[in-house]
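See below for the structure under consideration.
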Amino acid sequence: MTLAAIILAGLILAELVALVCRRNWVHWKLGRRQTLVDDAISALADAVVAHGDVEPPQGRVNRRVLRLAALELFPVLAGSSRERLTRLAESTGLVHDVIRTLQRSPRAYARRTAADELAEIRSAEAAPALAAGLEDVDPVVRVACVRGLAWLGDLTELRRMLQVLDGDSLRAPSEAESAMLALARAAPESLVELEQSGSSRFARRLAALALATVGDKRAMPSVLGELAEENVLLSSVAVRAIERVGGEDAVASLEHVLADGSRDVSLRRQAARALERVR
Amino acid sequence: MTELYYTLVAILAVYFFIYVAVTFVMVIVAGLVTRRRRHELLPSTLREIMRAELAPTISVCIPAYNEAAVVVDSIRSLLSLDYPRVEVVVANDGSTDTTLDVLRTEFGLEPSNRSPLGELPHQPVRGVYEPRAPISLVVVDKDNGGRADALNAAITYANGPLVLVMDADEVVSNDTLALAVRPFLADPFRTVAVGATLGLANGCRIVRGRIIETGRPRQILPLFQAVEYDRSFRVARIASSTVHAMAIVSGGFGLLRRDVVIEAGGYDVDSIGEDFDLTLRMHRFLRDRDVPYRIGQVPDALCWTLVPENSRVLHRQRRRWHRGLWQVLSKERGMLFRPRYGIIGFAAVPWAFLYELLNPVIVVVATLTIILGIVVGIIGWQLLLLIAFIAWACTVVPTLGAFLMTDSPGGTKTGWRNLGAVLAAMSAEMGYQWLTMAYRLETMLVPRRRVAWGDMERSVPPEL
């Protein structure tokens, strides 16, 4: 019992020391580093607006700060401003840094984040690294790379991208959904192929919904199958997808739901609203 | 006699050893799961969900009884969350204050002909109202029937395939809905319910239904409860969700598939522990029909709730919880050790029975056993100190481990108050746990005494 007490006392002491260390780390992250990031955001925003340049940052901390600042700016920019920020990311070496993380980091999370960041930056310089990332051992990295390539519009590895989506969508559903949406616009034929002959039910479903979102009528058979489901979560999403596709088939299927008294009342109500919009 | 004493000691030792061992395992599992989840969530994932064109509608169901002070801000805050499709359904549960009038005035409500979607038991509905403006809000005015009754009414008038049950005085973070809906997007075929992490609103600055600043509570009782909530939501629920043994989706924040809730019969209006009751009933309903399903916990989704700040309200709350636990376990005792109910019948329900319901009684027996040992000279003061230290350390190690391995809501920015939480964790065993134990024991000894919901008293009025 004495030994147990000594071990427990040691554990408590170790935990207290670790808690203090963690507190200091969080203090740095939310305090000083955030101030630096805010300054970097201002510098980048000024450069984007004034068509100016930003000095390449020196040192690991400054590079990290610039990277965080740029990634906060990308989602709120569009069009030419976004392109200018991408050029700045290239000229400051940020893209190069992120590519190096994707290629060399032993930690899966770092590679996932890097692939995600490259997708956000949308620099053509990243295409070869993203293509190589399709063979990563981590499925989330692979899907994030597919998304990056799809957003870039680089379809040279289309076959492999579809294989990844078919095999790994379940591990990264939101990323896969977004990649498929990009493919539904850029290469609809390939997505139809995945939707019809994919091996995973989940990937086929996502492909059908992506096609429906862009109004592709070829998604209708799958979406109608989903509409027949008793699971109201699936059928409700199907009604919305049918509404997006529109056309005569959509009207007929929505009318069918509306007339079917055995269906969920809210689904019929949703179908009625969708019908008004489709007509 | 001595033999009998040692047999009792052995039984108690096994009981507590199992508790400590399972707690340690749960902390490790929760730590690993939290780490993995943190690493799975990519920065752009939430943005994708927040702008998904086919995202399912979430109907937020709020029971409101005399909530005139907070209900409008709560609704506005919910309608402005970062999620593409939110509908708010408020069930005015026969409020005697101006709740309905305030809603009518603020949102320009008009009578609506919206019909109920299913049949769940609830008190008669006096009227249904919707705003003139295109705001996704429905107000169901009904006779008073209690929280479960009001939630049933709200669910039957909800339009979305997913219903979120929560209270009017709770606050959610901007990204909570996007985070909570992820399991439904990732596995729409099986996911039927998810819970979120409840943090304490007592230490936070809330303005017009929005969290402005998070932090640990300043008062001592809420600080102890913060530690308790951390252990429950950051450890126990995550671990039980990982092994598909989640016996309760908290009524404080539960995202549920509406069709399954309605088919399972909705909330039991006579139940005191209605959230525990519904979760177990959903397990029973789906397992009886051999339907594959998932009930889980989303640790990153945060909801902030008020907890009692004085012992009178805490007493009332704990009596209600323990009575509810007793009532539900008595009702669902048929699930115990039945192979059909799998890990729920073999682990979750027995655990709730042995380590939650009967725990106060067993602690009293253990204390009496130690006193008897001292009286007859079997236990000396050195051994007594050693036992006391081991008992204390066995609860402190996993609690500190939980602080260390999981993210603590609201605790990261305020260092000193975090230190307070650590001290509270280390001293809880010396007073607070005994206090709540006494409340629970009293519930078992005086079972006929009435338990009431009562109001949650606020030391600081909501900022407007």
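The values are calculated or read from the model by the stated rules, or taken from the named source; none is laboratory data. All values derive from a computational prediction rather than experimental measurement. As a convention, Cβ positions derive from the backbone with ideal geometry for all residues, glycine included, and neighbour counts pool all protein chains shown.
This table checks each residue for (1) basic (Lys, Arg); (2) surrounded by 19 or more Cβ atoms within 10 Å (Cβ to Cβ); (3) within 14 Å of another protein chain (Cβ to nearest Cβ).
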{"site": "B:92", "(1), (2), (3)": "no, yes, no"}
{"site": "B:97", "(1), (2), (3)": "no, no, no"}
{"site": "B:103", "(1), (2), (3)": "no, yes, no"}
{"site": "B:106", "(1), (2), (3)": "no, no, no"}
{"site": "B:111", "(1), (2), (3)": "no, no, no"}
{"site": "B:119", "(1), (2), (3)": "no, no, yes"}
{"site": "B:135", "(1), (2), (3)": "no, no, no"}
{"site": "B:141", "(1), (2), (3)": "no, yes, no"}
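What number of residues in segment A:259-274 are among the small types (Gly, Ala, Ser) and under 20 Å from residue B:262 (Cα atoms)? Going through segment A:259-274 one residue at a time, the tally reaches 3.
Please verify whether residue A:277 is of a type in the set (Lys, Arg), within 31 Å of the chain's Cα centre (by Cα) and surrounded by fewer than 18 Cβ atoms within 10 Å (Cβ to Cβ), treating the condition exactly as stated. It is true that residue A:277 is of a type in the set (Lys, Arg), within 31 Å of the chain's Cα centre (by Cα) and surrounded by fewer than 18 Cβ atoms within 10 Å (Cβ to Cβ). Within segment B:48-58, can one find any residue that is hydrophobic (A, V, I, L, M, F, W, C), in the same structural domain as residue B:177 (by TED's automatic domain parsing) and modelled with pLDDT of 95 or more? Within segment B:48-58, one or more residues are hydrophobic (A, V, I, L, M, F, W, C), in the same structural domain as residue B:177 (by TED's automatic domain parsing) and modelled with pLDDT of 95 or more.
Within segment B:244-263, the set of residues being under 18 Å from the mean Cα position of the chain (by Cα) and in a helix (DSSP H, G or I) comprises B:261 only. Against the list (1) hydrophobic (A, V, I, L, M, F, W, C); (2) surrounded by fewer than 16 Cβ atoms within 10 Å (Cβ to Cβ); (3) facing chain B (nearest Cβ under 10 Å), the condition residue A:108 fails is (2). Look at residue A:87 and say whether it is within 24 Å of residue A:38 (Cβ to Cβ), charged (D, E, K, R) and free of Cβ contacts under 8 Å to residues at least 12 places away in the same chain. Answer is yes for this residue. Applying the set (1) touching a residue at least 12 places away in the same chain (Cβ under 8 Å); (2) assigned to a helix (DSSP H, G or I); (3) away from chain B (no Cβ under 14 Å) to residue A:154 leaves exactly one unmet item: (2).
Criterion applied to A:209, A:233, A:224 was being away from chain B (no Cβ under 13 Å) and either part of a helix (DSSP H, G or I) or surrounded by fewer than 22 Cβ atoms within 10 Å (Cβ to Cβ) (or both), and the one residue passing it is A:224. In segment A:188-239, the qualifying residues are those that are farther than 26 Å from residue A:272 by Cα and hydrophobic (A, V, I, L, M, F, W, C), and the one that is farthest from the chain's Cα centre (by Cα) is A:192. The set of residues from segment B:415-448 being crowded, with 17+ Cβ neighbours inside 10 Å, under 25 Å from residue B:214 (Cβ atoms) and modelled with pLDDT under 70 comprises B:417, B:418. The residues of segment B:164-179 that are crowded, with 24+ Cβ neighbours inside 10 Å and either acidic (Asp, Glu) or closer than 21 Å to residue A:240 by Cα (or both), listed by number, are B:164, B:177, B:178.
Looking at this structure, is residue A:193 at pLDDT below 90 and either surrounded by fewer than 17 Cβ atoms within 10 Å (Cβ to Cβ) or under 30 Å from residue A:153 (Cα atoms) (or both)? No. How many residues are surrounded by fewer than 19 Cβ atoms within 10 Å (Cβ to Cβ) and more than 13 Å from every other protein chain (Cβ to nearest Cβ) if we restrict to segment A:179-189? Qualifying residue count for the region: 4.
For (1) under 18 Å from the mean Cα position of the chain (by Cα); (2) more than 19 Å from residue B:52 (Cα to Cα); (3) of a type in the set (S, T, N, Q), each residue gets a yes or a no:
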| position | (1), (2), (3) |
| --- | --- |
| B:178 | no, no, no |
| B:184 | no, no, no |
| B:200 | yes, yes, no |
| B:206 | no, yes, no |
| B:218 | no, yes, no |
| B:222 | yes, yes, no |
| B:226 | yes, yes, no |
| B:230 | yes, yes, no |
